1. Does any residue in region 133-162 that is outside the structural domain of residue 75 (by TED's automatic domain parsing) and farther than 15 Å from residue 75 by Cβ come within less than 6 Å, Cβ to Cβ, of a residue that is modelled with pLDDT under 80 and surrounded by 16 or more Cβ atoms within 10 Å (Cβ to Cβ) six or more places away or on a different chain, and which pairs are these?
2. Kindly list the number of the only condition in (1) under 30 Å from residue 4 (Cβ atoms); (2) over 32 Å from the mean Cα position of the chain (by Cα) that fails for residue 39.
3. Considering only region 118-149, state which residues are farther than 18 Å from residue 96 by Cα and not in a strand (DSSP E or B).
4. Restricting attention to region 53-83, report how many residues are more than 19 Å from residue 20 (Cβ to Cβ) and either surrounded by fewer than 15 Cβ atoms within 10 Å (Cβ to Cβ) or out of contact with any strand residue (DSSP E or B) (no Cβ under 7 Å at 6 or more places or on another chain) (or both).
5. Within region 39-69, track down each residue that is touching a helix residue (DSSP H, G or I) at 6+ places or on another chain (Cβ under 8 Å) and either at positive phi or at pLDDT 90 or above (or both).
């Protein structure tokens with residue numbers, strides 16, 4: 001059986017532009033005060049106090065990853081960032097409900113976004129992916145970039161579930 005494997009990174013360019021623009025503006029302003037001799041108005045400790053959270057957030061977003069592996073026997077997800085890793089393996093025999101969710105990109109920016117309130121979410125790319133419920137009642141949403149590529153694999157998994 002064919003396997004599906006994907007690694008997701010945080011890729012929202014608007015957030016990167018915002019954080020980078022803020023950091024660039026702070027750096028420019030600090031050096032402007034330094035060169036003009038008005039260093040006392042924006043000292044280095046203030047620059048650090050404002051820059052460290054921005055740099056920390058950028059490093060965190062740079063490091064966050066979601067790895068999805070789907071085979072005939074199980075669905076494995078690993079979500080990691082700079083300080084921890086969360087892993088989840090769900091065997092096909094434990095799945096009660098499984099469906100592919102494929103929504104347009106624009107849906108995540110309007111009020112009509114699909115919400116899985118009680119589901120454990122593993123996604124960095126909106127509302128495209130797999131929704132599944134286990135026999136124990138646990139719900140999961142696992143995001144993927146190309147849900148259409150999953151359809152043949154999911155159909156084979158559903159046959160094994162029956």
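1. none
2. Among (1) under 30 Å from residue 4 (Cβ atoms); (2) over 32 Å from the mean Cα position of the chain (by Cα), residue 39 violates only (1).
3. Result: 123, 124, 125, 126, 127, 128, 144, 145, 146, 147, 148, 149.
4. Of the residues in region 53-83, 6 are more than 19 Å from residue 20 (Cβ to Cβ) and either surrounded by fewer than 15 Cβ atoms within 10 Å (Cβ to Cβ) or out of contact with any strand residue (DSSP E or B) (no Cβ under 7 Å at 6 or more places or on another chain) (or both).
5. Of everything in region 39-69, those that are touching a helix residue (DSSP H, G or I) at 6+ places or on another chain (Cβ under 8 Å) and either at positive phi or at pLDDT 90 or above (or both) turn out to be 44, 47, 50, 51, 54, 55, 57, 58, 61.
The values are calculated or read from the model by the stated rules, or taken from the named source; none is laboratory data. What you are looking at is a predicted structure, and each value in this text was computed from that prediction instead of being measured. Positions of Cβ are generated from backbone atoms using ideal geometry, with glycine treated the same way; all protein chains shown enter the neighbour counts.
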